[in-house]
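The values are calculated or read from the model by the stated rules, or taken from the named source; none is laboratory data. Model, not experiment: these values are computed from the prediction. All Cβ positions, glycine included, derive from the backbone under ideal geometry; neighbour counts span all protein chains shown. These accessible areas exclude ligands, DNA and RNA; they are computed on the full protein's heavy atoms, side chains included. Shrake-Rupley method; radii C 1.70, N 1.55, O 1.52, S 1.80 Å.
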Amino acid sequence: MQLNGKTALVTGGGRGIGQGIALALAEAGADVAVADLDTDIARETSARIEALGCHSTPFQVDVTDSGSVNKLIGDVVSTFGQLDIAVNNAGIISIKSVDALSAEDWDQVMAVNARGVFLCTQAELGVMRPRQFGRIINVASIAGKIGFPDLSHYSASKFAVIGFTNAVAKEVAAEGITVNALCPGIVGTGMWRGEDGLSGRWRQPGESEAESWERHQKTLLPQGVAQTPEDMGQLAVYLANAEHVTGQAIAVDGGFSL
Ligand code: NAI
(Lines give C-alpha, C1' and ligand atoms only; values in the text may rest on other atoms or scores of the structure.)
Protein backbone atom coordinates (compact mmCIF):
# COMPACT_ATOMS: atom_id res chain seq x y z
CA MET A 1 0.00 0.00 0.00
CA GLN A 2 1.52 3.26 -1.14
CA LEU A 3 0.73 6.81 -0.17
CA ASN A 4 3.23 8.53 -2.46
CA GLY A 5 2.10 12.03 -3.42
CA LYS A 6 -0.42 12.21 -0.56
CA THR A 7 -0.35 14.69 2.31
CA ALA A 8 -1.35 13.54 5.78
CA LEU A 9 -2.04 15.44 8.99
CA VAL A 10 -1.82 13.82 12.44
CA THR A 11 -3.03 15.74 15.51
CA GLY A 12 -1.41 14.80 18.80
CA GLY A 13 1.41 13.52 16.59
CA GLY A 14 4.18 14.52 18.97
CA ARG A 15 4.25 11.25 20.89
CA GLY A 16 2.53 7.93 21.55
CA ILE A 17 -0.04 6.59 19.13
CA GLY A 18 -0.05 9.77 17.03
CA GLN A 19 3.69 9.50 16.55
CA GLY A 20 3.38 5.82 15.55
CA ILE A 21 0.72 6.70 12.99
CA ALA A 22 2.72 9.65 11.63
CA LEU A 23 5.79 7.45 11.14
CA ALA A 24 3.77 4.68 9.46
CA LEU A 25 2.11 7.11 7.02
CA ALA A 26 5.52 8.59 6.18
CA GLU A 27 7.03 5.12 5.66
CA ALA A 28 4.16 4.42 3.23
CA GLY A 29 5.22 7.50 1.24
CA ALA A 30 3.01 10.34 2.52
CA ASP A 31 4.23 13.83 3.40
CA VAL A 32 3.19 14.34 7.02
CA ALA A 33 2.13 17.43 8.95
CA VAL A 34 2.62 16.75 12.65
CA ALA A 35 0.41 18.92 14.87
CA ASP A 36 0.46 19.01 18.65
CA LEU A 37 -0.33 21.27 21.58
CA ASP A 38 3.33 20.83 22.49
CA THR A 39 5.46 22.27 19.69
CA ASP A 40 8.71 20.69 20.94
CA ILE A 41 7.44 17.12 20.63
CA ALA A 42 5.81 17.87 17.26
CA ARG A 43 9.26 18.99 16.11
CA GLU A 44 10.83 15.76 17.40
CA THR A 45 8.38 13.57 15.46
CA SER A 46 8.92 15.64 12.32
CA ALA A 47 12.68 15.29 12.71
CA ARG A 48 12.31 11.48 12.99
CA ILE A 49 10.25 11.46 9.79
CA GLU A 50 12.77 13.63 7.95
CA ALA A 51 15.51 11.25 9.11
CA LEU A 52 13.64 8.51 7.22
CA GLY A 53 14.05 10.60 4.07
CA CYS A 54 10.37 11.69 4.07
CA HIS A 55 8.88 15.20 4.20
CA SER A 56 7.39 16.51 7.40
CA THR A 57 6.56 19.87 9.00
CA PRO A 58 5.62 20.43 12.66
CA PHE A 59 2.67 22.66 13.64
CA GLN A 60 1.25 23.91 16.91
CA VAL A 61 -2.49 23.42 17.50
CA ASP A 62 -5.02 23.36 20.28
CA VAL A 63 -7.78 21.14 18.89
CA THR A 64 -10.34 22.59 21.33
CA ASP A 65 -10.02 26.03 19.72
CA SER A 66 -11.73 26.60 16.35
CA GLY A 67 -9.43 29.50 15.42
CA SER A 68 -6.35 27.38 16.10
CA VAL A 69 -7.76 24.43 14.12
CA ASN A 70 -8.77 26.57 11.12
CA LYS A 71 -5.32 28.20 11.09
CA LEU A 72 -3.68 24.75 11.19
CA ILE A 73 -5.63 23.48 8.18
CA GLY A 74 -4.87 26.68 6.25
CA ASP A 75 -1.17 26.41 7.11
CA VAL A 76 -1.03 22.72 6.12
CA VAL A 77 -2.59 23.47 2.72
CA SER A 78 -0.27 26.45 2.12
CA THR A 79 2.75 24.31 3.08
CA PHE A 80 1.89 21.10 1.23
CA GLY A 81 -0.64 22.32 -1.38
CA GLN A 82 -3.34 19.84 -0.32
CA LEU A 83 -4.69 17.62 2.47
CA ASP A 84 -5.60 14.02 1.62
CA ILE A 85 -5.45 12.13 4.92
CA ALA A 86 -6.35 13.50 8.35
CA VAL A 87 -5.85 11.55 11.57
CA ASN A 88 -7.66 13.23 14.45
CA ASN A 89 -5.79 11.57 17.28
CA ALA A 90 -5.24 14.20 20.02
CA GLY A 91 -6.89 13.02 23.22
CA ILE A 92 -6.70 13.16 27.01
CA ILE A 93 -7.88 10.97 29.87
CA SER A 94 -8.57 11.35 33.57
CA ILE A 95 -9.73 8.83 36.14
CA LYS A 96 -12.66 9.64 38.43
CA SER A 97 -15.74 7.85 39.67
CA VAL A 98 -18.98 9.39 38.48
CA ASP A 99 -19.62 10.66 42.03
CA ALA A 100 -16.32 12.55 42.09
CA LEU A 101 -16.58 13.90 38.55
CA SER A 102 -17.01 17.69 38.33
CA ALA A 103 -18.63 19.52 35.43
CA GLU A 104 -15.15 20.92 34.66
CA ASP A 105 -13.65 17.38 34.47
CA TRP A 106 -16.43 16.41 32.07
CA ASP A 107 -16.01 19.53 29.90
CA GLN A 108 -12.21 19.18 29.74
CA VAL A 109 -12.29 15.62 28.40
CA MET A 110 -15.20 16.30 26.06
CA ALA A 111 -13.47 19.45 24.74
CA VAL A 112 -10.34 17.65 23.55
CA ASN A 113 -11.74 14.22 22.65
CA ALA A 114 -15.15 15.06 21.14
CA ARG A 115 -15.23 18.79 20.30
CA GLY A 116 -11.64 18.53 19.00
CA VAL A 117 -12.57 15.74 16.58
CA PHE A 118 -15.63 17.72 15.43
CA LEU A 119 -13.67 20.96 14.84
CA CYS A 120 -10.85 19.17 13.01
CA THR A 121 -13.21 17.10 10.84
CA GLN A 122 -15.25 20.17 9.88
CA ALA A 123 -12.15 22.14 8.87
CA GLU A 124 -10.64 19.15 7.03
CA LEU A 125 -13.84 18.60 5.04
CA GLY A 126 -13.67 22.24 3.98
CA VAL A 127 -10.51 21.48 1.98
CA MET A 128 -11.32 17.86 1.04
CA ARG A 129 -14.83 18.41 -0.38
CA PRO A 130 -13.79 20.70 -3.27
CA ARG A 131 -11.25 18.05 -4.36
CA GLN A 132 -13.76 15.19 -3.91
CA PHE A 133 -11.15 13.14 -2.06
CA GLY A 134 -10.29 12.54 1.55
CA ARG A 135 -9.56 10.00 4.24
CA ILE A 136 -10.49 11.00 7.78
CA ILE A 137 -9.45 8.71 10.63
CA ASN A 138 -10.73 9.61 14.09
CA VAL A 139 -8.89 7.91 16.93
CA ALA A 140 -11.56 6.71 19.35
CA SER A 141 -11.04 3.79 21.77
CA ILE A 142 -12.59 0.53 22.78
CA ALA A 143 -13.92 2.77 25.58
CA GLY A 144 -16.13 4.11 22.78
CA LYS A 145 -17.67 0.65 22.42
CA ILE A 146 -17.88 -0.48 26.07
CA GLY A 147 -17.95 1.47 29.33
CA PHE A 148 -15.22 1.29 31.97
CA PRO A 149 -15.62 2.21 35.65
CA ASP A 150 -14.04 5.53 36.64
CA LEU A 151 -13.83 6.52 32.98
CA SER A 152 -17.48 7.48 32.34
CA HIS A 153 -16.58 10.92 30.94
CA TYR A 154 -13.81 9.44 28.77
CA SER A 155 -16.14 6.67 27.53
CA ALA A 156 -18.84 9.25 26.78
CA SER A 157 -16.34 11.27 24.72
CA LYS A 158 -15.26 8.22 22.73
CA PHE A 159 -18.83 6.98 22.15
CA ALA A 160 -19.41 10.50 20.80
CA VAL A 161 -16.47 10.16 18.41
CA ILE A 162 -17.81 6.88 17.03
CA GLY A 163 -21.36 8.22 16.59
CA PHE A 164 -20.04 11.39 14.95
CA THR A 165 -17.80 9.35 12.64
CA ASN A 166 -20.67 7.13 11.56
CA ALA A 167 -22.99 10.08 10.83
CA VAL A 168 -20.42 12.19 8.96
CA ALA A 169 -19.34 9.17 6.90
CA LYS A 170 -22.89 8.99 5.52
CA GLU A 171 -23.00 12.76 4.84
CA VAL A 172 -19.88 12.68 2.66
CA ALA A 173 -19.97 9.13 1.29
CA ALA A 174 -20.84 10.24 -2.25
CA GLU A 175 -18.00 12.79 -2.33
CA GLY A 176 -14.97 10.51 -2.41
CA ILE A 177 -14.33 10.96 1.31
CA THR A 178 -14.22 8.15 3.86
CA VAL A 179 -14.51 8.70 7.62
CA ASN A 180 -13.58 5.91 10.03
CA ALA A 181 -12.78 5.47 13.71
CA LEU A 182 -9.68 3.61 14.88
CA CYS A 183 -10.19 2.07 18.32
CA PRO A 184 -7.00 1.18 20.22
CA GLY A 185 -7.23 -1.23 23.15
CA ILE A 186 -4.26 -0.85 25.51
CA VAL A 187 -1.10 0.85 24.28
CA GLY A 188 1.86 1.55 26.55
CA THR A 189 2.03 5.32 25.95
CA GLY A 190 2.03 8.09 28.56
CA MET A 191 -1.71 7.50 28.88
CA TRP A 192 -1.00 4.10 30.51
CA ARG A 193 2.58 4.22 31.74
CA GLY A 194 4.18 6.25 34.56
CA GLU A 195 2.86 7.40 37.92
CA ASP A 196 0.11 9.50 36.30
CA GLY A 197 -0.83 6.90 33.71
CA LEU A 198 -3.59 4.32 34.19
CA SER A 199 -1.17 1.61 35.37
CA GLY A 200 0.29 4.04 37.93
CA ARG A 201 -3.15 5.15 39.15
CA TRP A 202 -4.64 1.64 39.22
CA ARG A 203 -1.86 0.04 41.31
CA GLN A 204 -2.72 -2.46 44.02
CA PRO A 205 -1.16 -1.92 47.49
CA GLY A 206 2.59 -2.66 47.36
CA GLU A 207 2.62 -2.99 43.58
CA SER A 208 5.06 -1.02 41.42
CA GLU A 209 3.86 0.77 38.31
CA ALA A 210 5.73 -1.77 36.13
CA GLU A 211 4.05 -4.67 37.98
CA SER A 212 0.67 -3.01 37.59
CA TRP A 213 1.33 -2.60 33.85
CA GLU A 214 2.21 -6.32 33.56
CA ARG A 215 -0.89 -7.31 35.55
CA HIS A 216 -3.22 -5.21 33.41
CA GLN A 217 -1.83 -6.70 30.21
CA LYS A 218 -2.14 -10.26 31.54
CA THR A 219 -5.60 -9.89 33.09
CA LEU A 220 -7.36 -7.65 30.56
CA LEU A 221 -5.95 -8.79 27.25
CA PRO A 222 -6.67 -12.22 25.74
CA GLN A 223 -3.27 -12.09 24.01
CA GLY A 224 -1.54 -11.07 27.26
CA VAL A 225 0.42 -8.24 25.67
CA ALA A 226 -0.39 -4.62 24.88
CA GLN A 227 -0.74 -3.25 21.39
CA THR A 228 1.80 -0.78 20.03
CA PRO A 229 1.73 2.57 18.22
CA GLU A 230 3.04 0.63 15.21
CA ASP A 231 -0.10 -1.57 15.25
CA MET A 232 -2.20 1.60 15.05
CA GLY A 233 -0.01 2.87 12.22
CA GLN A 234 -0.72 -0.28 10.19
CA LEU A 235 -4.48 0.22 10.39
CA ALA A 236 -4.13 3.94 9.61
CA VAL A 237 -2.17 3.12 6.44
CA TYR A 238 -4.85 0.61 5.43
CA LEU A 239 -7.67 3.11 6.02
CA ALA A 240 -5.74 5.82 4.18
CA ASN A 241 -5.71 3.54 1.12
CA ALA A 242 -9.13 1.90 1.39
CA GLU A 243 -11.76 3.33 -0.96
CA HIS A 244 -14.81 1.39 0.17
CA VAL A 245 -14.44 1.19 3.95
CA THR A 246 -16.33 4.01 5.66
CA GLY A 247 -18.31 4.72 8.83
CA GLN A 248 -16.57 1.87 10.67
CA ALA A 249 -15.16 1.77 14.20
CA ILE A 250 -12.33 -0.76 13.96
CA ALA A 251 -10.73 -2.11 17.13
CA VAL A 252 -7.02 -2.91 17.30
CA ASP A 253 -7.21 -4.42 20.77
CA GLY A 254 -5.93 -8.00 20.73
CA GLY A 255 -9.43 -9.23 21.48
CA PHE A 256 -10.00 -7.01 24.54
CA SER A 257 -13.49 -5.93 23.46
CA LEU A 258 -14.65 -9.41 22.41
P1 NAI B 1 -0.55 10.52 24.73
O2 NAI B 1 -0.98 11.26 25.95
O3 NAI B 1 0.74 9.81 24.73
O4 NAI B 1 -0.57 11.52 23.47
C5 NAI B 1 -1.62 12.44 23.26
C6 NAI B 1 -1.09 13.60 22.44
O7 NAI B 1 -2.17 14.54 22.23
C8 NAI B 1 0.05 14.36 23.13
O9 NAI B 1 1.10 14.55 22.23
C10 NAI B 1 -0.60 15.67 23.54
O11 NAI B 1 0.31 16.76 23.59
C12 NAI B 1 -1.66 15.85 22.46
N13 NAI B 1 -2.75 16.74 22.88
C14 NAI B 1 -3.43 16.71 24.07
N15 NAI B 1 -4.32 17.70 24.10
C16 NAI B 1 -4.22 18.37 22.91
C17 NAI B 1 -4.88 19.49 22.35
N18 NAI B 1 -5.82 20.16 23.03
N19 NAI B 1 -4.54 19.90 21.10
C20 NAI B 1 -3.58 19.24 20.41
N21 NAI B 1 -2.90 18.17 20.90
C22 NAI B 1 -3.23 17.75 22.13
O23 NAI B 1 -1.76 9.55 24.42
P24 NAI B 1 -1.89 8.30 23.42
O25 NAI B 1 -1.98 7.08 24.24
O26 NAI B 1 -0.91 8.39 22.34
O27 NAI B 1 -3.36 8.58 22.86
C28 NAI B 1 -3.63 9.01 21.54
C29 NAI B 1 -5.11 8.79 21.25
O30 NAI B 1 -5.41 7.39 21.39
C31 NAI B 1 -6.04 9.51 22.22
O32 NAI B 1 -7.16 10.00 21.52
C33 NAI B 1 -6.45 8.42 23.19
O34 NAI B 1 -7.70 8.67 23.80
C35 NAI B 1 -6.50 7.21 22.26
N36 NAI B 1 -6.39 5.91 22.95
C37 NAI B 1 -5.25 5.56 23.63
C38 NAI B 1 -5.17 4.32 24.24
C39 NAI B 1 -3.96 3.84 24.95
O40 NAI B 1 -4.00 2.70 25.47
N41 NAI B 1 -2.88 4.59 25.02
C42 NAI B 1 -6.30 3.38 24.19
C43 NAI B 1 -7.44 3.86 23.46
C44 NAI B 1 -7.46 5.09 22.86
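Of all residues in the stretch 213-241, count the ones that are open to solvent by 20 Å² or more (accessible area, probe 1.4 Å) and part of a loop (DSSP other than H, G, I, E, B). Total meeting the criteria: 5.
Out of all the residues in the stretch 61-68, is one or more surrounded by 24 or more Cβ atoms within 10 Å (Cβ to Cβ), more than 10 Å from the ligand (Cβ to nearest atom) and assigned to a loop (DSSP other than H, G, I, E, B)?
No, there is no match, as no residue in the stretch 61-68 is surrounded by 24 or more Cβ atoms within 10 Å (Cβ to Cβ), more than 10 Å from the ligand (Cβ to nearest atom) and assigned to a loop (DSSP other than H, G, I, E, B).
Okay, residues lined up against (1) buried (at least 23 other Cβ atoms within 10 Å of the Cβ); (2) assigned to a helix (DSSP H, G or I):
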| position | (1), (2) |
| --- | --- |
| 110 | no, yes |
| 124 | yes, yes |
| 130 | no, yes |
| 138 | yes, no |
| 147 | no, no |
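Could you go through the stretch 42-54 and let me know if any residue there is part of a loop (DSSP other than H, G, I, E, B), away from the ligand (no atom under 15 Å from the Cβ), modelled with pLDDT under 95 and not aliphatic (A, V, I, L, M). Let's see the steps before the verdict.
As a first pass, look at the stretch 42-54 and keep what is part of a loop (DSSP other than H, G, I, E, B): 52-54.
With the extra rule that they be away from the ligand (no atom under 15 Å from the Cβ), the set shrinks to 52-54.
Pick out the ones that are also modelled with pLDDT under 95 and you get 52-54.
Subsequent filtering for residues that are not aliphatic (A, V, I, L, M) retains 53-54.
For the stretch 42-54, residues part of a loop (DSSP other than H, G, I, E, B), away from the ligand (no atom under 15 Å from the Cβ), modelled with pLDDT under 95 and not aliphatic (A, V, I, L, M): present.
The residues in the stretch 17-41 that are assigned to a helix (DSSP H, G or I), in contact with a strand residue (DSSP E or B) (Cβ under 7 Å, 6 or more places away or on another chain) and either under 17 Å from residue 229 (Cβ atoms) or aromatic (Phe, Trp, Tyr) (or both) can be counted, and the count is 6. Among the residues of the stretch 86-117, just one is closer than 30 Å to residue 241 by Cα and more than 13 Å from the ligand (Cβ to nearest atom), namely 86.
Among the numbered conditions (1) touching a residue at least 12 places away in the same chain (Cβ under 8 Å); (2) part of a helix (DSSP H, G or I); (3) open to solvent by 40 Å² or more (accessible area, probe 1.4 Å); (4) more than 15 Å from the ligand (Cβ to nearest atom), the only one that residue 210 does not meet is (1).
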